[in-house]
1. Could you please let me know if residue 130 is in contact with a helix residue (DSSP H, G or I) (Cβ under 8 Å, 6 or more places away or on another chain), more than 21 Å from residue 241 (Cβ to Cβ), buried (at least 24 other Cβ atoms within 10 Å of the Cβ) and touching a residue at least 12 places away in the same chain (Cβ under 8 Å)?
2. Taking residue 143, is it at pLDDT 95 or above, buried (at least 21 other Cβ atoms within 10 Å of the Cβ) and either under 24 Å from residue 231 (Cβ atoms) or under 20 Å from the mean Cα position of the chain (by Cα) (or both)?
3. Among the candidates 18, 94, single out the residue that is in contact (Cβ under 8 Å) with a residue 40 or more places away in the chain and crowded, with 21+ Cβ neighbours inside 10 Å.
4. Could you please find all residues in region 141-176 being over 22 Å from residue 47 (Cα atoms) and touching a helix residue (DSSP H, G or I) at 6+ places or on another chain (Cβ under 7 Å)?
5. With the condition kept exactly as written, say whether any residue in region 24-40 is crowded, with 19+ Cβ neighbours inside 10 Å, touching a helix residue (DSSP H, G or I) at 6+ places or on another chain (Cβ under 6 Å), assigned to a helix (DSSP H, G or I) and modelled with pLDDT under 90.
6. Right, residue 72: surrounded by 15 or more Cβ atoms within 10 Å (Cβ to Cβ), farther than 20 Å from residue 194 by Cα, at pLDDT 85 or above and out of contact with any helix residue (DSSP H, G or I) (no Cβ under 7 Å at 6 or more places or on another chain) or not?
7. Is there any pair linking a residue in region 72-91 that is at positive phi and free of Cβ contacts under 8 Å to residues at least 60 places away in the same chain to one that is part of a helix (DSSP H, G or I) and surrounded by fewer than 20 Cβ atoms within 10 Å (Cβ to Cβ), with Cβ under 9 Å and at least six apart or on different chains, and which?
8. Given the criterion surrounded by fewer than 15 Cβ atoms within 10 Å (Cβ to Cβ) and farther than 16 Å from residue 153 by Cβ, identify the matching residue among 110, 101.
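The values are calculated or read from the model by the stated rules, or taken from the named source; none is laboratory data. Remember, it's a predicted structure, so these values are computed and weren't measured experimentally. Cβ atoms come from the backbone with ideal geometry, glycine included; neighbour counts cover every protein chain shown.
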């Protein structure tokens with residue numbers, strides 16, 4: 001394996017998942033090319049941890065001087081800007097595909113850059129639930145614990161969502177889902193183990209039970225997403241993977257809100 005250092009793979013994964021201005025690595029031939037996830041999948045939880053942590057840092061800083069809802073809005077805005085609405089785009093395209101009556105039509109809708117009514121509604125609801133969940137966490141457990149939870153959720157949601165690429169063939173022989181390769185199950189399991197370790201950072205916000213339940217919800221959503229993708233378009237696409245990440249992120253946030261351990265609680 002060329003350049004096997006995990007830190008290099010993390011930088012490459014960050015470049016794929018975000019718009020962060022990362023410099024080319026020594027010996028890197030095409031820093032803006034699509035990465036090979038058959039090799040990089042172990043770095044996905046670390047990349048997600050960085051992106052979630054940066055958004056969490058914005059929430060923490062803002063919560064020191066602003067109300068929770070504004071801090072949450074700024075944190076979600078930072079996440080959207082950093083990633084170029086990468087996963088949000090997948091959510092919107094996947095929602096719009098509900099308007100297609102055949103597999104071919106649904107795939108065509110996903111490729112269309114225009115946003116429809118279903119996509120707009122999904123974006124509004126998705127962003128609203130994330131802002132509301134983060135604001136509720138800040139109000140309950142404080143900005144610091146919320147920031148830790150956001151970092152852990154960033155790692156878990158992206159890693160678990162890649163299970164679609166592990167378990168399903170691409171629905172079409174083009175696009176990012178096809179070009180980035182099909183990860184091996186063994187490598188994905190290693191990435192899941194890393195994400196599970198990082199999920200310990202959920203405990204300050206949700207306690208041991210809340211942390212385990214939040215991570216467990218991600219595992220429950222994945223098989224449903226796999227079954228849906230197979231029935232909807234006959235395989236996986238990058239849009240469906242992005243939509244799955246968004247659903248997992250929202251679900252984990254809501255679980256933590258429901259079982260939050262308030263600051264000062266025993």
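1. Taking the combined requirement at face value, the residue does not satisfy it.
2. No, not satisfied.
3. Among 18, 94, only 94 is in contact (Cβ under 8 Å) with a residue 40 or more places away in the chain and crowded, with 21+ Cβ neighbours inside 10 Å.
4. Passing the criteria: 141, 168, 170, 171, 172.
5. So far as region 24-40 goes, yes, one or more of its residues are crowded, with 19+ Cβ neighbours inside 10 Å, touching a helix residue (DSSP H, G or I) at 6+ places or on another chain (Cβ under 6 Å), assigned to a helix (DSSP H, G or I) and modelled with pLDDT under 90.
6. no
7. 85/123
8. Just a single option satisfies the conditions, and that option is 101.
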